[in-house]
Every structure is written in structure tokens, then in C-alpha cells.
Amino acid sequence: MQISIDKESRIPSYMQIYKAIRARIISGAFAHGSRLPSKRMLAEDCGVSVATIEHAYAMLCEEGYAEPHERSGYYVCYDGAQSFPARMEAASPLLSISALSDFHLEDVPFSSFAKRMRKVLSIYGERILCKSPNNGCPELREAIACYLARNRNIDVQPSQVIIGSGAEYLYGLCIQMLGRERLVALENPSYEKIRAVYAANGAVCEMLEMDSEGISSKALQETKASILHVTPFHSFPSGITASAKRRREYIAWAKTRNVVIIEDDYDSEFILTGRAPETLFSLSPDANVIYLNTFSKTVAPSLRVGYMLLPPSLCELYAEKVGFYSCTVPMLEQYFLAD
């Protein structure tokens, strides 16, 4: 779970953590009966002591938001949230980041996969044969919004979530929405298919040199691009993660020029130490940042499913330009991922 601690604030760290978790419980991001992160895991994520987390959890218990279960952890007992109505009642909890990090191609837990799929078939029956809503089924869009609020400090409405058959498909939707023949700035080097998809859709690509902190400040200021496609965390193939200062530069550049950033966050679920840096999307919700992620790496390569988060400023444009496209992901896979 991602909680930003302001070390210079007069508000103690335990109080900042308490308020952040309380807000997520009230909003419904942590549903009634769901388990909160362990004290040790949350302490590592926040960079504080276990005692600090214990203090925050004690306050949540005193005020009736959570309760301790012996040898099991802390669970949400607040049931007044209606922001995400009954979204998780008929579904098992989403896979945690720690569970996903143990997933390897050479050791695929196929029995778990098959068991979950059979469960979905039993629950939804003939509904898996229905045509999906254009932007994806409500169950999956709501589950993604809930997961992001819990674990990535990203607060979006399900209406901002678009489901598609993998990141490459979503790249194409982005350029069709924003306009062909646009100049798109890419990291140099970057994943070769990004440039290929944009070029196939009529865009012109400009490669921006990188340094150890991300795209160089000089290259960013000199480009005339109106779209910036960037992978702030663990860019492929360079492995560079943009520094906090450089991320702020990206956002300031986009706001000053009133242009769009496409944030590709394909690898953030696999961080094994510390926590993934905050996304550009969460750092500046008022900027024109489109966020992309995929399940192809976190579940299985054959599962060609990704999702896109639109800022409110682009939702109307999306509906007008490309909202007519049918969703390319079958309902069975969507229900499976939601569960």
C-alpha cells in the first residue's frame, strides 16, 4: 500500500498513516471484512518503524474502523462506505503484490488459475456469452479502481477505466483519440513496439535521449512534441527509473505546454524491495496524464488484457473519438480478473 509520509510536517507519521488508511476505508477502497496490510509490510512500505504502524492501527481500532484478529492481523469492521457498492461481496480478494511477485513462467500455478476460472463459470454462467460493454464490464473496472486506491494511491472512478486487449492495443487507441500525425516523444531507448504502433497509426516519433534520472531535461525542453510517452519506473530496455525531480519536470512540462503524457507502468507490480515510486497520474490528477498497465505480466502472457486510466479532462474526447469501439476482451477473462 502506498502512503506518502511528509517527514517535514508537524503532523506525526502515525497520524498521517492513520488518516490515509481511514480515508481509504471510508471511501470503500478497503471493503468491510478485508484484511489490512501487515504491520511489518506497511512499515517497510512507509519507511517507518513497526511501532508507528501499531500506533496508527490502534487508533483505527479505537474509533471502530478496524479490529485485530489474533494471529491473523487487522481487518476492516467499518461498513458504512457506499462509494464502491458491493463491488467485492461476491468475489475473492484480488491478488496481492507480494503474491504476484512470486509468479514465474516456469512455475505457473495452473491449478489455482483453473480453480478460479471454474468458480467464475459457476457464478456467472451464461453471462460470459454476453457482449461486453465498450469500455469493459463494470465488475472489472470497479475492481481495478478499488485495487489502485488500496495499493497505488490512485483515486479514480470506474468510469475513467478502459479495458483493452493489452498495452499495444491501448497505445493505438491513445493516438486515435489524440489525433494522427501528431509528434510523439519517446524515451531513447524504449520498447520497440511503442514506436511501431504509433507509426502504424500515422504518428511521427521523436526519440529523446536519457540520462541516469530519466529523459534529459535539455531534450525535454527542446522537443516540440505534443505527446510524451514515458515509462517512469524501470524503463525497458535501459532499466532507468526516473527520479522524483525528473518526474516533476515531466508534469510541469506537460502543464506549461498543455500537452499529454502517456504513462506506461508495465513493471511496477514486481518491485521486491521498498515500494514503487508514485505514478505521474497520482502526483498530478489535474494534468493530462493517461495511465497504462497490463495483466499480461502479472497473471500470464497469454492473457492479453490491459487497462487505461483517463483523466477527467479527456473522458469526453475519448467517448467522442473512439468510444464506439467494442471491447476486445471476452467477458470470461474480465470476470476472472475481477474475481
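Every helix of 4 or more DSSP H residues in the chain counts as -39500 (n - 2.57), and over all residues that averages to -11500 deg cm²/dmol at 222 nm. In the list (i) 19.5, 56; (ii) 21.5, 65; (iii) 20.4, 60, the label attached to Rg and Dmax of the Cα atoms in Å as derived from the coordinates here is (iii).
Largest first and in whole Å, the equivalent-ellipsoid semi-axes of the stretch 186-226 read 20, 13, 5, each the square root of five times a Cα gyration tensor eigenvalue. Placing R0 at 25 angstrom, the Cβ-Cβ distance between residue 155 and residue 38 gives a FRET efficiency of 0.60 after rounding to 0.05.
Listed values for the stretch 230-237 are Karplus-derived 3J(HN,Hα) couplings in whole Hz (6.51 cos²θ - 1.76 cosθ + 1.60, θ = phi - 60°), namely 9, 10, x, 10, 6, 4, 9, x, and x replaces Gly and Pro. Note on residue 245 and residue 50: their simple-model spin labels are 3.7 nm apart, each label 7 Å out from Cα toward Cβ. Kirkwood analysis of the stretch 105-169, using all unique Cα-Cα pairs, places the hydrodynamic radius at 14.1 Å. The share of Cα pairs per 5 Å bin across the stretch 168-273, counted from zero up to the longest distance, runs 2, 12, 26, 25, 20, 11, 3, 1, 0 percent. Accessible area ranking (1.4 Å probe, heavy atoms, ligands and nucleic acids excluded), largest first, for 44, 126: 126, 44.
How much area per residue is accessible in the chain when the probe is 1.4 Å and only protein heavy atoms are counted (Å²)? Could you put the intermediate results ahead of the total?
Values: 16190 Å² over 339 residues.
Value for the chain: 48 Å² per residue.
Spin-label model, residue 113/residue 224: points 7 Å from Cα along the beta carbon direction are separated by 4.8 nm. Each 10 Å bin from zero up to the one holding the largest Cα-Cα distance in the stretch 287-339 carries the following percent of pairs: 21, 44, 31, 4.
Tell me, what % of the accessible area of the chain is carbon and sulfur with a 1.4 angstrom probe?
Details: 8490 of 16190 Å².
Result for the chain: 52 percent of the exposed heavy-atom area is carbon or sulfur.
Amide H contacts of residue 32: none lie under 5 Å away among residues 5 or more positions distant or on a separate chain (H built 1.01 Å from N in the peptide plane; Pro and chain starts excluded). Evaluated at q = 0.15 Å⁻¹, the base-10 log of the normalised Debye intensity for the stretch 205-339, with identical point scatterers placed on the Cα atoms, takes the values -0.83.
In loop segments of the stretch 194-278 as defined by DSSP, the trypsin sites (Lys or Arg not before Pro) with at most 15 further C-beta atoms inside 10 Å of their C-beta are 224.
Summarising the amide proton neighbourhood of residue 262: residues at separation of 5 or more, or on other chains, whose placed amide H is nearer than 5 Å comprise 228, 229, 230, 290. Put simply, when 318-326, 163-171 are sorted by average Cβ atoms within 10 angstrom per residue, most first, you get 163-171, 318-326.
The values are calculated or read from the model by the stated rules, or taken from the named source; none is laboratory data. Predicted model only: the values in this text are computed from it and were never measured. Don't worry about glycine lacking a Cβ; one is built from the backbone with ideal geometry, like all the others, and counts go over all protein chains shown. Note: accessible area is taken over every heavy atom of the protein model, side chains too, but ligands, DNA and RNA are not part of it. Shrake-Rupley method; radii C 1.70, N 1.55, O 1.52, S 1.80 Å.
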